[in-house]
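Okay, structure first, notes after.
Any read-out appearing in this document is the output of simple, stated calculations on the displayed coordinates, not a laboratory observation. Values in this document were obtained by computation on a predicted structure and should not be read as measured data. With ideal geometry, Cβ positions are generated from the backbone for all residues, glycine too; neighbour counts draw on all protein chains shown.
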Amino acid sequence: MDLFEAMRRRHSVRSFAPDAEVSDGEVEVLLRCACTAPSAGNVQPWRFVVVRDHEVRRSLARAALGQGFVAQAPVAIVVCADLEAHARAYGRRGVELYAIQDTAAAVQNILLAATALGLGSCWVGAFHEGEVAETLGLPEHWRPLAILPIGRPARTGSQPPKRDFRSLTLFV
């Protein structure tokens, strides 16, 4: 699947086929793609926690305001920002802005790569950061910014309608 097709097909998947695994090789492809994202000063502050354990995914689902599909997926990737890495490079602006922008770019790469591989995912940002950090035993300077449940979609879906770029753009 080429990039443009993946961009057109990518949509949030919240229902995963039972007993359909995601291979270690597929997870590796997703993480390699994440690491090709741009980052301020090439700091590459993203850190990933790959969660296959069902009980840990259930804890993540609870921390994610009860979004049960997080536990239903065979794997969840928690994308974190290493705040110390950006603090060293850019101080406060690095921690408050660049770390978020950089990890968001990595998340988008994962979502597009998952689509290209025939996998489904959903960008989950609604969660209690402290609970996620505690569940995973994260270092204090790792801030969890996204939970990405990954699996094979239980049903066919499509991208919801998107606004035309002309209604969102100012040409100067």
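Here are a few things to note about the model shown:
- Label-point separation, D2 to T169 (7 Å along Cα→Cβ), nm: 1.9 nm
- The chain - share of DSSP beta bridges that are antiparallel (%, nearest 5): 95 percent
- Inter-label distance, nm, simple model (7 Å from Cα along the C-beta direction), S15/E140: 4.5 nm
- Counting neighbouring Cβ atoms within 10 Å and putting the fewest first, the residues T169, T115 line up as T169, T115.
- Cut-off under 5 Å, modelled amide H: who pairs with L145 long-range: V79, C80, A81
- Residues with amide H under 5 Å from that of I150, placed H, sequence gap 5 or more: V75, A76, I77
- Arranged from fewest to most other beta-carbon atoms within 10 Å of their beta carbon, F16, F127 become F127, F16.
- Max mean-square fluctuation residue, GNM over the chain, Cα-Cα springs under 10 Å, options A126, A37, A114: A126
- Förster radius 25 Å - calculated FRET efficiency between D24 and Q101 (Cβ-Cβ, nearest 0.05): 0.30
- Computed from backbone phi, the HN-Hα couplings of segment 71-81 come to 6, 6, 5, x, 8, 10, 10, 9, 9, 10, 10 Hz, rounded to whole numbers (Karplus: 6.51 cos²θ - 1.76 cosθ + 1.60, θ = phi - 60°; Gly and Pro given as x).
- For the chain, calculated [θ]222 nm from helices alone, where every DSSP H run of n ≥ 4 adds -39500 (n - 2.57): -11500 deg cm²/dmol
- Equivalent ellipsoid, the chain (semi-axes from 5 times Cα gyration tensor eigenvalues, Å): 25, 23, 15
- Taking H54, H86 and counting other C-beta atoms within 10 Å, the order from fewest to most: H54, H86
- When only Cα pairs below 8 angstrom with a gap of at least 6 residues are kept, segment 3-168 shows a relative contact order of 36 percent.
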